[in-house]
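A quick write-up on the structure given underneath.
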Amino acid sequence: MSTSVETLLDELKAFLRDEQVTTNETILEHHSKDESYHAGNNPDIVVFPESSQEVSEIVKVADRNDTPIVPFGLGSSLEGHVIPYDKGITIDFTLMNKVVEIRERDFLVKVQPGVTRSQLNKELKKYGLFFTVDPGADATLGGMAATNASGTTSVRYGVMKDQVNDLEVVLPDGEIIHTGNLAQKSASGYDLTSLYVGSEGTLGCITELTLRVYGIPENIMAARASFPTVDDAVEAVVSILQTGVPVARVELVDEASIRQVNSFSEMDYKEKPTLFLEFHGNEPGLKHDVAFMEEIVADHHCEEVHFEKDNAARTKLWEARHNLAYAYIHGNPGRKLMVTDVCVPISELAGAIKHGREKIEELDFEAGILGHVGDGNYHALLMIDTDDPEEVRMAEQFNEAIVEYALARGGTCTGEHGVGRGKMKYLQREHGSALNVMENIKSALDPKGIMNPHKLVDAKGRSK
Ligand SMILES: Cc1cc2nc3c(=O)[nH]c(=O)nc-3n(C[C@H](O)[C@H](O)[C@H](O)COP(=O)(O)OP(=O)(O)OC[C@H]3O[C@@H](n4cnc5c(N)ncnc54)[C@H](O)[C@@H]3O)c2cc1C
């Protein structure tokens with residue numbers, strides 16, 4: 001960056017209040033990293049815009065001065081997504097946190113990008129509605145759209161890209177566009193909404209989202225089913241999916257991870273490979289689905305099924321699942337969490353998890369397997385000492401091995417956490433010549449390469 005920080009500050013303070021622009025060391029440090037093991041780097045400046053117009057003006061300052069921009073939601077991403085490797089300006093969307101409009105008759109809601117998923121669900125509850133996507137962290141909806149996040153309910157309702165009708169986006173030259181509309185479907189033009197969902201802040205800043213919402217189900221039943229082995233649990237999931245039981249959530253938590261849940265969340269779950277399941281529907285439908293599920297899991301040597309119908313008990317169960325990463329962190333002081341996720345076709349899931357477990361057994365440190373197995377997506381959580389080069393090497397080798405296994409079977413190097421910095425090295429292998437198309441899109445839409453540089457793809461001809 002050639003322009004001095006002082007010049008940038010002068011230009012930004014011409015239209016932002018003093019408290020919206022900062023070079024405070026603690027705040028810079030907070031914006032230097034995400035929740036991953038990747039080493040951070042401070043930005044020069046952090047700004048807190050309050051409107052799309054302000055975002056546009058900030059981007060124009062950066063464009064004029066060839067200054068990098070990193071959009072920042074909550075910073076909960078896991079592959080170095082928000083690290084400002086070239087410094088520059090980080091745009092924090094915390095102050096753009098309004099639910100703009102709830103269109104209950106259209107099952108749509110308009111929000112600013114800094115609204116978090118739990119904040120939105122609190123608002124929607126008053127209307128008998130809910131938003132489905134629930135990554136473990138209480139992430140912002142802007143960050144969730146930018147990473148195409150998914151969660152425990154995606155097996156039933158789909159991932160983030162299935163929920164976005166329209167995005168307002170500030171382009172890298174400051175122009176403001178809309179990518180969609182309020183209609184349930186459209187055959188008009190290139191699908192820019194899908195291009196921006198999952199673009200990880202590399203093509204522009206999302207400043208408003210129109211999202212699909214759903215009626216809160218009449219009845220909900222959650223269950224915990226424990227199995228003698230992970231293979232039995234995974235085979236049970238495959239059978240449940242193949243027989244078409246409309247499961248709303250199905251999560252695998254291996255034995256090591258159940259131990260972490262019990263200790264962190266003060267539970268006394270049976271310390272065996274476990275499926276956390278949930279069913280949504282009316283009373284008779286639910287009874288039928290649950291009975292069918294019980295038959296299937298029994299065929300796969302299920303040792304015990306425990307049901308949670310009451311709201312408080314269900315909330316506790318899913319909180320325990322969502323807090324699992326924090327349980328690992330708490331249980332392994334001084335170590336850093338490395339989480340990696342891959343996704344495979346359902347028919348390959350059992351083999352992929354077996355392979356992952358074999359690789360975990362070769363490691364010398366605490367690690368577990370869990371995930372949204374109903375989508376063919378599993379996660380490995382490794383607790384590593386980042387100051388020990390041997391542990392880092394082993395963790396990276398593990399990552400490489402499971403990605404390789406997934407790609408060889410038609411899967412992907414990441415089902416939901418995204419590419420960020422950490423998984424860029426796998427894109428050539430996964431996409432082949434299609435990566436050139438992505439690089440051309442990046443060059444065309446962000447010709448100066450100022451949007452979140454060195455993440456996802458580099459523009460054509462730019463250094464990797
Ligand atoms: C404990 C834990 C559990 C998790 N579980 C899951 C899970 O189950 N499923 C899942 O998908 N992920 C999961 N994640 C990862 C993470 O929560 C998601 O990637 C989330 O979507 C990131 O949202 P955020 O608001 O934290 O965004 P950030 O981390 O701040 O940003 C993520 C990316 O989006 C970009 N971005 C942010 N806001 C905007 C914007 N307004 N416009 C343009 N670009 C923007 C950033 O530049 C960055 O590239 C988990 C993380 C943790 C720590």
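Structure notes:
- Net charge dipole, the chain: roughly 980 debye, given to the nearest 20, about the Cα centre with Cβ charges of +1 for Lys and Arg and -1 for Asp and Glu.
- Modelled spin-label separation between T23 and E404, with each label point placed 7 Å from Cα along the Cα-to-Cβ direction: 4.8 nm.
- Extension gain for the segment S194 to E390, taken as residue separation times 0.36 nm less the Cα-Cα distance, is 66.6 nm to one decimal.
- Mean Cα-pair separation over length for the range 163-249, i.e. relative contact order, pairs under 8 Å, 6 or more apart, %: 31
- Since only H330, V213, T386 are under comparison, the one whose Cα sits farthest along the positive direction of the charge dipole of the chain, derived from C-beta charges on Lys, Arg, Asp and Glu, is V213.
- Percent of Cα-Cα distances greater than 15 Å, calculated over the range 299-362: 73
- Relative contact order (%) - criterion: Cα under 8 Å, at least six apart; region: the chain: 15
- All C-alpha pair distances within the range 131-207, sorted into 10 Å bins from zero, spread as 19, 50, 28, 3 percent across the bins.
- The ranking of M424, M383 by Cβ neighbour count inside 10 Å, starting from the fewest, reads M424, M383.
- Two-site label geometry, Q242 and D106: point separation in nm, points 7 Å out along Cα→Cβ: 4.3
- With contacts taken as Cα pairs under 8 Å and at least 6 residues apart, the range 69-168 reaches a relative contact order of 21 percent.
- Radius of gyration and Dmax over the Cα atoms of the range 354-413, both given in Å: 11.9, 36
- Inverse of mean 1/r across different Cα pairs in the range 32-76, Kirkwood, Å: 12.1
- Shown is the FRET efficiency for N41 and K126, computed with R0 = 25 Å from the Cβ-Cβ distance and rounded to the nearest 0.05: 0.05.
- Pairwise Cα inverse-distance average, inverted: Kirkwood Rh of the range 63-184 (Å): 15.6
- Gyration tensor (alpha-carbon) shape descriptor, the range 80-138, a/c threshold 1.5: prolate
- Our analysis of the chain gives Rg over Rh at 0.97, with the two radii drawn from alpha carbon positions and Rh computed by the Kirkwood formula.
- The value given for the range 306-464 is a Kirkwood hydrodynamic radius of 17.6 Å, derived from the mean inverse Cα-Cα separation.
- The modelled label-to-label distance for the pair K316/I177, using points 7 Å beyond Cα in the direction of Cβ, is 5.1 nm.
Just so you know, all these numbers are worked out from the coordinates, no wet-lab data involved. Note that the coordinates shown come from a computational prediction; the quantities given were computed from them, not determined experimentally. Counting neighbours? That spans all protein chains shown, and the Cβs are built from the backbone with ideal geometry, glycine included.
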